[in-house]
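K.L.:
Got a structure for you, written out below as structure tokens; questions coming shortly.
The values are calculated or read from the model by the stated rules, or taken from the named source; none is laboratory data. Note that the structure is a prediction, hence the values are computed from the model and not measured. Reconstructed Cβ throughout: ideal geometry from the backbone, glycine too, with neighbour counts over all protein chains shown.
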């Protein structure tokens, strides 16, 4: 399956007639040694593992590679903001208020109206967003995968119930429900907000995984596993799950971007992460009053969000191409 | 076909009922309706007791639910928690404005999105295609609220620079909008930016999916057959390719409706449009459960209607599913 | 000398892929005479389908490209016609039947309408009633029961065989002079295959059209074809009438094909497949494209350096092999070798 050129297997020989006793069942070797050589040359086998094939395909996707690079730098800087940022998040400097972006004093993104360095603030905010987003992606993927796997594998009433539930969740106005939950439940801790977001985002993955399991369960290796006595749990997780990795990974990646956007929207509207925890949406909300004069207050955090999401989307695209090149056009 | 529609209609009713149950119990359980009020020092116990009595808050939840349903259907969602203000008049006005916004945005997004998608598919790998792809990717990456703010900045600066208002950056209408055509144009100028902000992301989605759908279809065997019969390329595209390619877009548009409503909430907030979104935010800020529930119920009904329309359209476009 | 209905001359069609330029059709020439059935046989990738798609100019323009050659039909070179003129020929003078009727019919359009479309494109004066009458009549001709009801049905309501019949109806709607059937039975069950071939015969008889029958199934060729063209690696390697090709093939590839075919008239228990793989159309082997797999080559340099033209090997029989005279003995050898194997293996010869 993962080999580039298949060698004749005993099965092929069986199809063509009975195999020679003592031989591997190849075609009658031509008496001509010249033919022998060319024949073998045509059959040179290069076995490459799945991983190598994937890596090769991904690396050629230049946009994805560049995005990955940029994303790693941003995430690295954001997650270690306390070491990278030139100033503290709340460091007030009334002598330097409302400065436009400049190179002096390392105020790359300028300062806000009480003199706090904006680059640092954006960096800290990004850190929060990144943490929340990855948490959301992880949690929603975990839930979605389990639900989807169970629904797809067992089918019947379990599938029906779960899928009706999923359909139903999709019928409600998404952001509205999120806002209600966040307003009442999500005060303060970013991880609370993250959990709430995750509890609404798992449905897409569940759908996809279910679809995969539905088609996989008809495949022979599942029958073989069952015949050799494997338990359901083992089949679901050790045998079928590895075959669903690619859509799961692609979707998880895109979920990160979605989570960032949702978290930013929540904090912009005032219902998400609350101060003093830094949040990009909140920065934009605070800055919008002065956006006509101090344009960097709104522009910088926004650009950061856009950049991160663009990178993630390109990476997701590259992943999709690399993991499943047989899929129809992106 | 008619039975198909009827069946779908019938099926929606239990969904609406189920939604009402979930909404009610969901909202009631996330917080004490009076929680916010209790924290305010100037609200007296007497006021609180009155509210409890008015809204039967001392009854068990299922009873409250039935009361709520009764209020909702016979008394137009009843009144708010605080201030006992009738919900429906405010909600209805807000609903009307939001509908203008959302429907205009959806139609715009569909027309442009589908158009771009079809053209990108026909000119795959061209500059046009790459440009559209870039627009789509940006669409997935730009937060609506930020895009809305940027639009405001741009057009305010245009006004400041030139003195003419192309589009308004806030509000629904000017103070003296006139009548008839004048009024319509004034409204359009006010709603233009919110519509653009709202439509952009949906547009990106539709054009992407349409492109990919068209590409699948354009290489399909039956398109080849149509060409082999001697049809003009435009006819091939219109009658054979598009009809098949549009099918998944219909479902997508319906599913996207929920996202549109979310987008409307944000857009209305930024552009100060007194629509459902603003109504909802206000209710949410006040933690007033009744308007919140009314909002959720109305929007859910609209989403269900949108899905219904999509199902019917799907059945019309794809005869294969009519018989199931 | 009868004039051919279609004359393909030195056709070259290429595809540009990320891995390189694929020469799917590499200087192909053959003629089709009025009323005959020309069988075109070859493996996947031999160029047999791309050739006829090039004739109808249905090759997607990127990445494909008809590089050079002539396709003479009705006194004109089809490759030089404008798009408009070409469209008048498609579906009317030359009609095509495709391999998989399930995917070749528009799933969301009624079958009758699709047949009607074929009629309407070439006769815009036709009104709805006229279209319906003629389409129902065509469905009847191809043996679809209850044609009037079937007219209003969708492809998914038809069986596989019926769909192919509908495709044939669509093809003969305008009495074409040339019918091209590209693997018409490959996607069908064996019993249905026979039926569909029967319908094809009827269609042919009624329209008196010349037919190009493309298939990789030698059994179908033996049944239906008058003459045969054998293709390999984008080239024609042998041409002749069907009896000659089967009884006296003069190209090692054809010999290989015949030997891979189970036959009732010999004592062989084993089949002798052709070793190796079809050639890469991006990096064709130099000289004769078949030489890496050829038993007849025997190390002779000529096969590697000179591209063999189609040599005359008999009346109306040509083969592209430098050593075509040695081919008959090759056949005996192959059968002997197999016989020897069998003896060595202890089975009956």
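K.L.:
Among what's in segment C:291-318 and is under 16 Å from residue C:254 (Cα atoms) and at the interface with chain A (Cβ under 9 Å from one of its Cβ atoms), pick the residue that is surrounded by the most Cβ atoms within 10 Å (Cβ to Cβ).
P.N.:
C:294
K.L.:
On to the next question. Examine segment B:154-176 for a residue that is in contact (Cβ under 8 Å) with a residue 12 or more places away in the chain, within 7 Å of another protein chain (Cβ to nearest Cβ) and under 28 Å from residue A:286 (Cβ atoms), and state whether such a residue exists.
P.N.:
Yes, segment B:154-176 has at least one match.
K.L.:
Would you check if residue A:165 is part of a helix (DSSP H, G or I) and surrounded by fewer than 19 Cβ atoms within 10 Å (Cβ to Cβ)?
P.N.:
So residue A:165 passes the test.
K.L.:
Turning to a different aspect of this structure: Which numbered condition in (1) in contact (Cβ under 8 Å) with a residue 24 or more places away in the chain; (2) closer than 23 Å to residue A:209 by Cβ is the only one that residue A:146 fails?
P.N.:
(1)
K.L.:
Between residues in segment A:293-306 that are facing chain B (nearest Cβ under 10 Å) and residues that are modelled with pLDDT under 90 and not in a helix (DSSP H, G or I), which pairs lie under 6 Å by C-beta distance while being six or more apart or on different chains?
P.N.:
Partner pairs satisfying both residue conditions: A:298/A:291.
K.L.:
Look at residue C:25 and say whether it is in contact with a helix residue (DSSP H, G or I) (Cβ under 7 Å, 6 or more places away or on another chain) and closer than 23 Å to residue C:172 by Cα. So that I can check it myself, show each step before the final result.
P.N.:
Working: in contact with a helix residue (DSSP H, G or I) (Cβ under 7 Å, 6 or more places away or on another chain): yes; closer than 23 Å to residue C:172 by Cα: no.
Answer is no for this residue.
K.L.:
Give the residue, chosen from C:116, C:42, C:64, C:74, that is within 15 Å of the chain's Cα centre (by Cα) and more than 9 Å from every other protein chain (Cβ to nearest Cβ). Even if it seems obvious, please write down each step before you answer.
P.N.:
Details: C:116 fails: within 15 Å of the chain's Cα centre (by Cα); C:64 fails: within 15 Å of the chain's Cα centre (by Cα); C:74 fails: within 15 Å of the chain's Cα centre (by Cα).
Every option except C:42 fails the conditions.
K.L.:
If I ask for residues that are more than 8 Å from chain B (Cβ to nearest Cβ) and within 30 Å of residue C:192 (Cα to Cα), which ones from segment C:45-58 would you list? Spell out how you get there, then give the answer.
P.N.:
Step one: of segment C:45-58, the residues more than 8 Å from chain B (Cβ to nearest Cβ) are C:45-55, C:57.
Passing the criteria: C:45, C:46, C:47, C:48, C:49, C:50, C:51, C:52, C:53, C:54, C:55.
K.L.:
Considering segment C:32-67 alone, what residues qualify as being over 20 Å from residue C:177 (Cβ atoms), touching a helix residue (DSSP H, G or I) at 6+ places or on another chain (Cβ under 9 Å) and modelled with pLDDT of 90 or more?
P.N.:
Of everything in segment C:32-67, those that are over 20 Å from residue C:177 (Cβ atoms), touching a helix residue (DSSP H, G or I) at 6+ places or on another chain (Cβ under 9 Å) and modelled with pLDDT of 90 or more turn out to be C:41, C:66.
K.L.:
Name, by its number, the condition in (1) facing chain A (nearest Cβ under 9 Å); (2) out of contact with any helix residue (DSSP H, G or I) (no Cβ under 6 Å at 6 or more places or on another chain) that does not hold for residue B:266.
P.N.:
Every listed condition holds for residue B:266 apart from (2).
K.L.:
May I pose another question? Filter segment C:91-104 for residues that are facing chain B (nearest Cβ under 8 Å) and under 20 Å from residue C:30 (Cα atoms) and give the result.
P.N.:
C:95, C:96
K.L.:
Scan (1) within 20 Å of residue A:299 (Cβ to Cβ); (2) modelled with pLDDT of 80 or more for the single condition residue A:97 breaks and write down its number.
P.N.:
(2)
K.L.:
So, one more: If I ask for residues that are surrounded by fewer than 23 Cβ atoms within 10 Å (Cβ to Cβ) and at the interface with another protein chain (Cβ under 9 Å from one of its Cβ atoms), which ones from segment B:285-302 would you list?
P.N.:
Matches in segment B:285-302: B:285, B:287, B:302.
K.L.:
Something else: Among the residues of segment B:210-227, count how many are farther than 12 Å from residue C:105 by Cβ and facing chain C (nearest Cβ under 7 Å).
P.N.:
Total meeting the criteria: 1.
K.L.:
Identify all residues within segment B:232-250 that are within 12 Å of chain C (Cβ to nearest Cβ), more than 26 Å from the chain's Cα centre (by Cα) and touching a residue at least 12 places away in the same chain (Cβ under 8 Å); write none if there are none. First the steps, then the outcome.
P.N.:
Initially, segment B:232-250 is screened for residues within 12 Å of chain C (Cβ to nearest Cβ), giving B:232-236, B:239-247.
Now narrow it down to the ones that are more than 26 Å from the chain's Cα centre (by Cα): B:232-236, B:239-241.
If the condition is that a residue be within 12 Å of chain C (Cβ to nearest Cβ), more than 26 Å from the chain's Cα centre (by Cα) and touching a residue at least 12 places away in the same chain (Cβ under 8 Å), then B:236, B:239, B:240, B:241 are the ones that fit.
K.L.:
In addition: Out of segment A:243-292, which residues are part of a helix (DSSP H, G or I) and more than 13 Å from every other protein chain (Cβ to nearest Cβ)?
P.N.:
Taking segment A:243-292 as the starting set, the residues that turn out to be part of a helix (DSSP H, G or I) are A:243-269, A:280-290.
Matches in segment A:243-292: A:243, A:244, A:245, A:246, A:247, A:248, A:249, A:250, A:251, A:252.
K.L.:
Continuing with the same structure: Here is a list of conditions, (1) part of a helix (DSSP H, G or I); (2) at pLDDT below 85; (3) buried (at least 16 other Cβ atoms within 10 Å of the Cβ), and residue C:253 meets all of them except one; can you say which number that is?
P.N.:
If we test residue C:253 against (1) part of a helix (DSSP H, G or I); (2) at pLDDT below 85; (3) buried (at least 16 other Cβ atoms within 10 Å of the Cβ), just (2) comes out false.
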